Amino acid sequence: MEKISVKIDGRTFEAAKDQCILEVAHENGIYIPSLCYNSEVASSGGSCRVCLVEAHQGGRMRLVTSCNYPVRKGLEVKTDTPLVHRIRRGVLELLMARVPDSEAIREMAAAEGPTDVRFRLDEGEYDRYKCIACALCTNVCADVVGVFAIGMVNRGADKKPDTPYGKPSDVCIGCGACAYACPTGAITMKEKDGVRRIWGRDFDMVTCSVCGTPYIPQAQVDWIVRTTGKDRSFFDKCPDHR
Amino acid sequence: MTDVTQFDSIIDRYERSEESLLAILQDFQREFHYVPEEGIRRLSEVMEVPESKIYAMGTFYKALSLTPRGRHTIKVCTGTACHLKGAPQILETLERELEVKRNGTTTDGEFTLECVNCVGACAMAPLTVIDEEYHGQTRSSKIMDIVKKRAES
């Protein structure tokens with residue numbers, strides 16, 4: 001793979017061409033906050049705007065989302081300038097105004113210094129929902145899991161992830177990847193007495209034959225068996241006892 | 001409404017490609033005055049496109065409606081000029097006479113009443129658009145005559 005050198009905060013690093021700024025920075029111990037990006041999900045990133053950095057190239061500077069901006073020869077990145085911090089505070093302030101109950105965003109904002117939220121939602125808009133509509137959940141469902149159970153519905157301020165018609169989906173396998181990937185913990189997944197509830201549907205869990213822990217939804221086992229041809233008996237035991 | 005052949009006859013007019021989806025949904029809208037749930041499901045089966053994708057499209061475009069709409073659509077312009085020229089009175093008259101709330105459909109399925117924000121013909125304010133017909137300088141006392149005429153056509 002073609003290697004290029006890129007300068008981040010005054011230090012020079014080796015990076016693979018087309019790798020995104022954020023990954024190069026994280027690999028080299030430079031922290032850039034982000035919410036909607038997940039390196040395992042090709043289509044993720046670019047929507048939460050928290051990871052904005054200064055990209056200097058050819059005598060010009062642009063603010064770019066580091067999670068989906070590919071590194072190129074001669075690129076110099078600055079992640080720690082007054083401008084970056086000011087913009088980041090602004091982005092976090094808007095996110096906090098949108099989802100006041102999200103601990104993840106509050107913590108991130110606190111790290112950026114005191115952030116006073118100057119915006120308030122109207123009475124009716126405030127529904128204790130932590131979603132920032134970044135679409136990471138739907139991207140995971142489509143690109144990683146491959147079942148397309150949820151999609152981004154509506155537009156503008158009403159945009160949110162949901163199943164068609166908000167009804168329990170018959171293609172959902174209850175794997176919980178969406179809830180796991182969600183950066184703000186907006187998706188509720190509950191488990192009780194060997195039944196997992198997510199997106200309004202109840203999934204019977206398969207119990208480990210050794211420790212008796214319900215550990216995977218039956219629907220997910222069916223999906224894996226159907227798509228990979230793996231032997232069904234493999235799922236009799238949980239990963240700890242295989 | 002569960003007869004899939006009526007959906008298939010529309011779907012068959014198009015290529016089996018994801019690019020045809022929007023055109024098909026528009027045809028559904030024209031034919032049934034909304035995009036029926038069964039239609040989305042059938043389209044998903046035939047095109048082998050996930051239902052969630054098609055449903056997302058249906059919620060995204062304003063030209064598509066997922067709930068049944070009337071045979072006629074009445075759009076009352078409530079832009080600034082029309083507002084000043086008496087659009088609120090027109091709207092109130094229509095709501096009262098047709099017994100329907102704004103953005104709602106009459107129980108007989110004849111009319112859907114909508115508010116729009118400026119149709120770009122402020123010189124004709126206040127403006128009411130019935131189906132594709134533009135009625136300028138409408139007055140609340142005359143609006144029902146226009147609507148009745150349209151219903152008979």
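Bear in mind these aren't lab numbers, they're just calculated from the coordinates by the rules spelled out. Please read these numbers as outputs of a predicted model, since none were measured by experiment. All Cβ positions, even for glycine, are placed from backbone atoms using ideal geometry, and neighbour counts span all protein chains on display.
Annotations
- Shielding score for A:151-160, defined as the mean number of other chain Cβ atoms within 10 Å: 4
- DSSP bridge analysis restricted to the protein assembly as shown gives an antiparallel fraction near 80%, rounded to the nearest 5.
- Choice from A:Gly45, A:Gly74, A:Gly58 showing the highest fluctuation, given a GNM over chain A with Cα pairs closer than 10 Å: A:Gly58
- Separation between Cα centres of the range B:1-62 and the range A:13-91, rounded to whole Å: 40 Å
- Close amide H partners of A:Leu52, meaning residues 5 or more places away or on another chain with modelled amide H under 5 Å apart, are A:Ser66.
- Ordering A:Arg86, A:Arg49, A:Arg197 from the fewest to the most neighbouring beta carbons within 10 Å gives A:Arg86, A:Arg197, A:Arg49.
- Chain B - share of DSSP beta bridges that are antiparallel (%, nearest 5): 55 percent
- Counts of other chain beta carbons within 10 angstrom of each beta carbon in peptide A:43-56 average 0.
- Dipole magnitude of the range B:68-117, debye to nearest 20 (Cβ charges: Lys/Arg +1, Asp/Glu -1, about Cα centre): 200 debye
- Across B:Lys75/B:Lys142; A:Lys159/B:Lys101; A:Lys130/A:Lys160; A:Lys230/B:Lys53; A:Lys190/A:Lys230, pairs whose alpha-carbon gap is larger than 18 Å: A:Lys159/B:Lys101; A:Lys230/B:Lys53; A:Lys190/A:Lys230
- Entry note, chain A: relative contact order of 13 percent, from Cα contacts under 8 Å with a spacing of 6+ residues.
- Restricting the trypsin sites (Lys or Arg not before Pro) of the range B:61-90 to loop positions (DSSP other than H, G, I, E, B) with no more than 10 neighbouring Cβ atoms within 10 Å leaves B:Lys62.
- Dividing the summed helix terms, -39500 (n - 2.57) for each DSSP H run of n ≥ 4, by the number of residues in chain A produces a 222 nm estimate of -6000 deg cm²/dmol to the nearest 500.
- Inter-part distance where the range B:117-153 and the range B:71-109 are each reduced to a Cα centre, Å: 10 Å
- Rounded if a/c under 1.5, otherwise prolate or oblate - the range A:21-167, Cα gyration tensor axes: oblate
- Working value for the range B:78-153: equivalent-ellipsoid semi-axes of 19, 13, 11 Å, each the square root of 5 times a Cα gyration tensor eigenvalue, largest first.
- Of the DSSP H helices in chain B, not one has a Cα length along its own long axis of 24 Å or more together with a mean Kyte-Doolittle hydropathy reaching 1.0.
- Rounded, prolate or oblate (a/c below 1.5 giving rounded, otherwise prolate when a/b exceeds b/c) for the protein assembly as shown by Cα gyration tensor: oblate
- A helix-only calculation puts chain B at -12500 deg cm²/dmol for mean residue ellipticity at 222 nm, using -39500 (n - 2.57) for each DSSP H run of at least four residues, averaged over all residues.
- Think of each Lys and Arg Cβ as +1 and each Asp and Glu Cβ as -1; about the Cα centre, that makes the dipole of the range A:136-241 roughly 260 debye.
- Summary value for the range B:5-60: 34 percent relative contact order, contacts being C-alpha pairs under 8 angstrom separated by 6+ residues.
- Residue mean of other protein chain beta carbons inside 10 Å, B:40-47: 1
- Across A:Asp122, A:Asp18, A:Asp170, mean-square fluctuation computed from a Gaussian network of chain A (C-alpha pairs under 10 Å connected) peaks at A:Asp122.
- For chain A, a Gaussian network of Cα nodes joined below 10 Å ranks A:Ile21, A:Ile132, A:Ile30 by mean-square fluctuation, and the top entry is A:Ile30.
- Whether the range B:5-60 is rounded, prolate or oblate, judged on the alpha carbon gyration tensor where a/c under 1.5 counts as rounded: rounded
- Overall, the range B:5-60 carries a charge dipole of about 120 debye about its Cα centre when +1 sits on the Cβ of Lys and Arg and -1 on the Cβ of Asp and Glu, all other atoms neutral.
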